[in-house]
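Asker: I'd like to ask you about the structure that follows.
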Amino acid sequence: MTDQGIGERARAAIGDSGLTQREVCERIGIDETKLSKSLAARRRFTARELLDLATATGVTVHWLLSAGGEAAAVPGPESLPTRHSESADQARRRREIIEQAWWLFADRGYDGVRVGEIAAAADMSTAAVHYYFPTKRTIFIEVLRYSVKLAFDRQSAALGAIDDPDARLRELIRLQSPVGRRGRAEWSIWLQVWNSVATTGEPGTAHGDSYRRWWRTVREIVAEGQRRGVFRAEPLDETVDALTGFIDGFGVRVLTGMATAEQMTAQVDRYIDRVLRTTSDAPAAPAPDHPRPSPAPTGD
């Protein structure tokens, strides 16, 4: 899409968001002059600004760009935040509940958060929260969908400009690693979902659809790399299963303090060099120097 088309969609997103243009500027960290120029197609939005704009207004980066080619596998509607027939102000309040609940659940866990605390963080009453979400469980399901949107937005904003499949795959994994407070929060939500699925079977459908989208995004990049001779012509699905399993396992180790994000990045780079690439012309990452996890203590 042209810069003018992106500006028109951005203007529509702001208009439907329940936020003023000044409030949007405060949330995405640019001054009103820059935003006005971008809306008028006299200045190009940066990838970071597109991501923050999509987060603030509730649309996806994919919708803002709507450029045809897909940088990442597109999630189904059931995997993204639910759309409702409501006013812009109601939509804004619903987003605020989910954004505050997302941080609270990530920091303290599902069982450690009460609906009243979510209401206080969103600066509204508990009754107002229940108007939008009848139970804490329905909030958590929507929090998972919000996590899917965050990941999809990051990928849509960053991956489309990277032509080389090897570089694109490494950037995708970096985007989805537990780096920084937001990255760790997103992984915390996922770990809680995995635990819920393992112990209760819920929310199985939302989790399965969301994870398959991530898996398909990796698969599409690896498949292109194989077609272009960058990656070895090994069985595609088996290759993607092994790679995503490696990432999942190392991400859990980072989140539980048994490895650092830097060590994860180095290990993933070495895995790609060693297992996927057809040649060794990419610089190999140095072997990370970290101790093996201690075995779990056993009972008497």
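Asker: Check region 214-235 and report whether any residue there is farther than 16 Å from ASP166 by Cβ, crowded, with 19+ Cβ neighbours inside 10 Å, within 19 Å of the chain's Cα centre (by Cα) and at pLDDT below 95.
Answerer: The initial filter retains those residues of region 214-235 that are farther than 16 Å from ASP166 by Cβ, namely 214-216, 235.
When the remaining residues are screened for being crowded, with 19+ Cβ neighbours inside 10 Å, the result is 214.
Next cut, within 19 Å of the chain's Cα centre (by Cα) only: 214.
Okay, now just the ones that are also at pLDDT below 95, so 214.
Yes, because at least one residue in region 214-235 is farther than 16 Å from ASP166 by Cβ, crowded, with 19+ Cβ neighbours inside 10 Å, within 19 Å of the chain's Cα centre (by Cα) and at pLDDT below 95.
Asker: So the check is Cβ under 8 Å with 6+ separation or different chains; which pairs have a first residue in region 234-256 that's aromatic (Phe, Trp, Tyr) and a second one that's open to solvent by less than 40 Å² (accessible area, probe 1.4 Å)?
Answerer: Listed pairs, sorted by first residue: PHE246/VAL268; PHE246/TYR271; PHE250/ALA259; PHE250/MET264; PHE250/VAL268.
Asker: Considering every residue within region 108-120, establish whether at least one is surrounded by 14 or more Cβ atoms within 10 Å (Cβ to Cβ), in contact (Cβ under 8 Å) with a residue 40 or more places away in the chain and among the hydrophobic types (A, V, I, L, M, F, W, C).
Answerer: Scanning region 108-120, I find no residue that is surrounded by 14 or more Cβ atoms within 10 Å (Cβ to Cβ), in contact (Cβ under 8 Å) with a residue 40 or more places away in the chain and among the hydrophobic types (A, V, I, L, M, F, W, C), so the answer is no.
Asker: Of the residues ARG48, ARG44, ARG27, only one is open to solvent by 50 Å² or more (accessible area, probe 1.4 Å) and in contact (Cβ under 8 Å) with a residue 60 or more places away in the chain; which?
Answerer: Working: ARG44 fails: in contact (Cβ under 8 Å) with a residue 60 or more places away in the chain; ARG27 fails: in contact (Cβ under 8 Å) with a residue 60 or more places away in the chain.
Sole residue among the options that is open to solvent by 50 Å² or more (accessible area, probe 1.4 Å) and in contact (Cβ under 8 Å) with a residue 60 or more places away in the chain: ARG48.
Asker: Kindly evaluate THR199 against the criterion of being under 22 Å from SER147 (Cβ atoms), among the hydroxyl-bearing types (Ser, Thr, Tyr), touching a residue at least 60 places away in the same chain (Cβ under 8 Å) and open to solvent by 50 Å² or more (accessible area, probe 1.4 Å). Walk me through how you get there before you give the answer.
Answerer: On the way: under 22 Å from SER147 (Cβ atoms): yes; among the hydroxyl-bearing types (Ser, Thr, Tyr): yes; touching a residue at least 60 places away in the same chain (Cβ under 8 Å): no; open to solvent by 50 Å² or more (accessible area, probe 1.4 Å): yes.
No: the conditions fail for THR199.
Asker: Is it the case, given these coordinates, that GLU78 is over 19 Å from GLU186 (Cβ atoms), in a loop (DSSP other than H, G, I, E, B) and out of contact with any Cys (no Cβ under 9 Å at 6 or more places or on another chain)?
Answerer: Working: over 19 Å from GLU186 (Cβ atoms): yes; in a loop (DSSP other than H, G, I, E, B): no; out of contact with any Cys (no Cβ under 9 Å at 6 or more places or on another chain): yes.
No: the conditions fail for GLU78.
Asker: Same structure, new question: Answer with yes or no whether ARG170 is open to solvent by 10 Å² or more (accessible area, probe 1.4 Å), within 15 Å of the chain's Cα centre (by Cα) and not β-branched (Val, Ile, Thr). First the steps, then the outcome.
Answerer: Details: open to solvent by 10 Å² or more (accessible area, probe 1.4 Å): yes; within 15 Å of the chain's Cα centre (by Cα): no; not β-branched (Val, Ile, Thr): yes.
For ARG170, the condition - open to solvent by 10 Å² or more (accessible area, probe 1.4 Å), within 15 Å of the chain's Cα centre (by Cα) and not β-branched (Val, Ile, Thr) - is not met.
Asker: Sort through LEU19, LEU53 and tell me the only one that's in a helix (DSSP H, G or I), open to solvent by less than 50 Å² (accessible area, probe 1.4 Å) and either hydrophobic (A, V, I, L, M, F, W, C) or within 19 Å of ALA158 (Cα to Cα) (or both).
Answerer: From the options LEU19, LEU53, the qualifying one is LEU53.
Asker: Among the β-branched types (Val, Ile, Thr), open to solvent by less than 10 Å² (accessible area, probe 1.4 Å) and either at pLDDT below 95 or not in a helix (DSSP H, G or I) (or both): does that describe THR265?
Answerer: Working: among the β-branched types (Val, Ile, Thr): yes; open to solvent by less than 10 Å² (accessible area, probe 1.4 Å): no; either at pLDDT below 95 or not in a helix (DSSP H, G or I) (or both): yes.
Considered against the rule, which asks whether it is among the β-branched types (Val, Ile, Thr), open to solvent by less than 10 Å² (accessible area, probe 1.4 Å) and either at pLDDT below 95 or not in a helix (DSSP H, G or I) (or both), THR265 comes out as no.
Asker: Taking VAL148 as the residue in question, decide whether it is surrounded by 19 or more Cβ atoms within 10 Å (Cβ to Cβ) and aliphatic (A, V, I, L, M). So that I can check it myself, show each step before the final result.
Answerer: Values: surrounded by 19 or more Cβ atoms within 10 Å (Cβ to Cβ): yes; aliphatic (A, V, I, L, M): yes.
So VAL148 passes the test.
Asker: If you check PHE105 against the conditions, is it free of Cβ contacts under 8 Å to residues at least 40 places away in the same chain, under 23 Å from SER196 (Cα atoms) and touching a helix residue (DSSP H, G or I) at 6+ places or on another chain (Cβ under 7 Å)? Steps first, please.
Answerer: Working: free of Cβ contacts under 8 Å to residues at least 40 places away in the same chain: no; under 23 Å from SER196 (Cα atoms): yes; touching a helix residue (DSSP H, G or I) at 6+ places or on another chain (Cβ under 7 Å): yes.
When the stated conditions are applied, PHE105 does not pass them.
The values are calculated or read from the model by the stated rules, or taken from the named source; none is laboratory data. All values reported here derive from a predicted model rather than from experimental measurement. A quick note on method: Cβ atoms are made from the backbone with ideal geometry, for glycine too, and the neighbour counts reach across all protein chains shown. Just the protein is used for accessible areas: all its heavy atoms, side chains included, with ligands, DNA and RNA removed. Shrake-Rupley method; radii C 1.70, N 1.55, O 1.52, S 1.80 Å.
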